[in-house]
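Below is one structure, written out as structure tokens; comments come after it.
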Amino acid sequence: MSTFAPTPASSQRLAAADRDHVLHPHTVFGRPPEPFIVDRAEGARIWDVNGDPYIDGTCGLWQCAVGHGRRELAEVAAAQMSRLEFYPSFWDYSNEPAILLAERLLRLAPAGLGKVFFTNGGSEGNETAIKLARLAHHSNGQPERTVILSRTSAYHGVGAASLAATGLPAMKEGFGPQPEGFVHLSVPHGLKHGEHGEHATDILVAELEATIAEIGADRIAAFIGEPVLGVGGMVPPPEGYWPRVEAVLRKHGILLILDEIVTAFGRTGHWFAAEHFGITPDIIVTAKGISSGYIPMGAVLIGDRVLKMCEGTTFWHGFTYNGHPVGAAVALANLDIIAREGLLERAKAMGARMHDALAGLSQLDHVLEVRGLGLMLGIEFAEGVDAAAIAQGCREDGVIIRAGVGRVVLSPPLVISEEDADTVVRVLAERIRAAVPAS
Ligand code: PLP
């Protein structure tokens, strides 16, 4: 059996081969970065090929709810692969793990969701959700309802529609004309509206109403949004935002797609962030935490309203690996772990611990805001602070965090220990205190 166990001696060769042969996402052509080659991982810790340990303050791309190195999930995958590695689930074909996972997801989800459509990840989920929303209106006798409302700073993926819905202009540059019919509202961030958010919800809801009036509700299919902006900086919306947005959308017959690719399965302290905000979306898109990243998997939860609108229409859509039995089996075992180990409560408790420990940083002149919900934490800096240098410094100190433009974010595995969480906070706080904004 072949296993991979790079050694410090082989790491130089690997690094050269990586630079020569691998094109990494979000890197510059012709300037391959010096790779950080991860060798193994356990809990909230990872080790590089030199054997150096790091605390994983972001769990990669926020996918790893249950922590790394769970033998139980590997064993479930191996057992399922030995029994049935894969058979498609187009038409009438199905398999037991996928059926049981759909049943489980609908039991955990907010009321009003009636069916599950499986994917391999987030972008596929949002492509699916946007097609579904448009198809629902089409089937319901309103084919002109195609416009999708989204928000500035949103990240919904890299497919045609999911990228068009994304509100980060740099990500669209050079890829040719973007699909029509996507309108971006303001970033739902208290800090950027009114006196530190006091009137933010009023401003944002008024903007939504005005945009609907301008476009015409009869041309709008859906509103898509992350409950808490993730890539945009771990930004919880201002107080009362979601229920008021939902009420406006309902009034105008506009469907609500909630992109819970980061937030579902515990990260906000709930199975779904929709519960925290008290809303009932028409479609919930999930991925990442559904399998904790042990295997690519995603699921789109479809509301009864949408299903009724689509009644009698053929859904000409599906990815080859829809309902993958190994993905579904791993997801079921992963959900078992989240429930058995009380990880929703743990996300709340550890999120509060880390947030409280970081909150004092907002007294610094160069820190604008410390924010978050559950184990999604973001720190926004004043202009001139080099967030990338702070993240790099943390890594040199054995802690992995993620830098964005003018901010850093944290999203450790939900199982992170108190000791590791305190180390992450201490290292990050030291680096932030030492950061001097460029004038
Ligand atoms: N939506 C959100 C909120 C995300 O954070 C991401 C990825 O980070 C995506 C969609 C895209 O998911 P994927 O990279 O699995 O296609």
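The values are calculated or read from the model by the stated rules, or taken from the named source; none is laboratory data. It should be emphasised that the depicted structure is a prediction, and the values quoted were computed from it without experimental measurement. Don't worry about glycine lacking a Cβ; one is built from the backbone with ideal geometry, like all the others, and counts go over all protein chains shown. Protein only, heavy atoms only, side chains kept; ligands, DNA and RNA dropped before computing areas. Shrake-Rupley method; radii C 1.70, N 1.55, O 1.52, S 1.80 Å.
At-a-glance table
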{"read-out": "FRET efficiency, L364 to I37 (Cβ-Cβ, R0 35 Å, nearest 0.05)", "value": "0.50"}
{"read-out": "The chain: most fluctuating residue of Q178, Q12, Q363 per GNM, C-alpha cutoff 10 Å", "value": "Q12"}
{"read-out": "Cβ-placed point charges (K, R +1; D, E -1), dipole of the range 246-344 about Cα centre in debye, nearest 20", "value": "100 debye"}
{"read-out": "E103 versus A206: modelled label distance in nm, points set 7 Å from Cα along the beta carbon direction", "value": "5.2 nm"}
{"read-out": "Cβ-placed point charges (K, R +1; D, E -1), dipole of the chain about Cα centre in debye, nearest 20", "value": "600 debye"}
{"read-out": "Gyration tensor verdict on the range 235-328 (Cα atoms; rounded if a/c is under 1.5, prolate if a/b is larger than b/c, oblate otherwise)", "value": "oblate"}
{"read-out": "Estimated distance in nm for a label pair at L168 and A16, the labels positioned 7 Å out from Cα along Cα-to-Cβ", "value": "3.4 nm"}
{"read-out": "36 Å tail of the calculated P(r), the chain, as % of Cα pairs", "value": "27 percent"}
{"read-out": "Charge dipole of the chain about the Cα centre (unit charges at C-beta), most positive-ward option of T313, V425, I224", "value": "T313"}
{"read-out": "Given K115/K308; K115/K172; K115/K288; K131/K308; K288/K348; K131/K172, the pairs whose alpha carbons are separated by over 22 Å", "value": "K115/K172"}
{"read-out": "Taking only Cα atoms of the range 1-100, radius of gyration then Dmax in Å", "value": "18.0, 52"}
{"read-out": "The chain: most fluctuating residue of N140, N322, N126 per GNM, C-alpha cutoff 10 Å", "value": "N140"}
{"read-out": "Measure of compaction for the range 293-439 (Cα Rg per 2.2 N^0.38 Å)", "value": "1.39"}
{"read-out": "Equivalent ellipsoid dimensions for the range 340-414 as semi-axes, Å, which come from the Cα gyration tensor, largest first", "value": "23, 15, 9"}
{"read-out": "Helix-only [θ]222 nm of the chain, DSSP H runs n ≥ 4, -39500 (n - 2.57) each, per residue, nearest 500", "value": "-12000 deg cm²/dmol"}
{"read-out": "Cα gyration tensor category, rounded, prolate or oblate, for the range 83-135 with a/c compared to 1.5", "value": "oblate"}
{"read-out": "Which of P6, A170, L108, positive extreme of dipole for the chain (C-beta unit charges)", "value": "L108"}
{"read-out": "Largest-first ordering by accessible area, 1.4 Å probe, given options Y54, Y321", "value": "Y321, Y54"}
{"read-out": "Candidate residues W91, W242: accessible-area rank, largest first, probe 1.4 Å", "value": "W91, W242"}
{"read-out": "Rounded to 5, percent antiparallel among DSSP beta bridges of the chain", "value": "65 percent"}
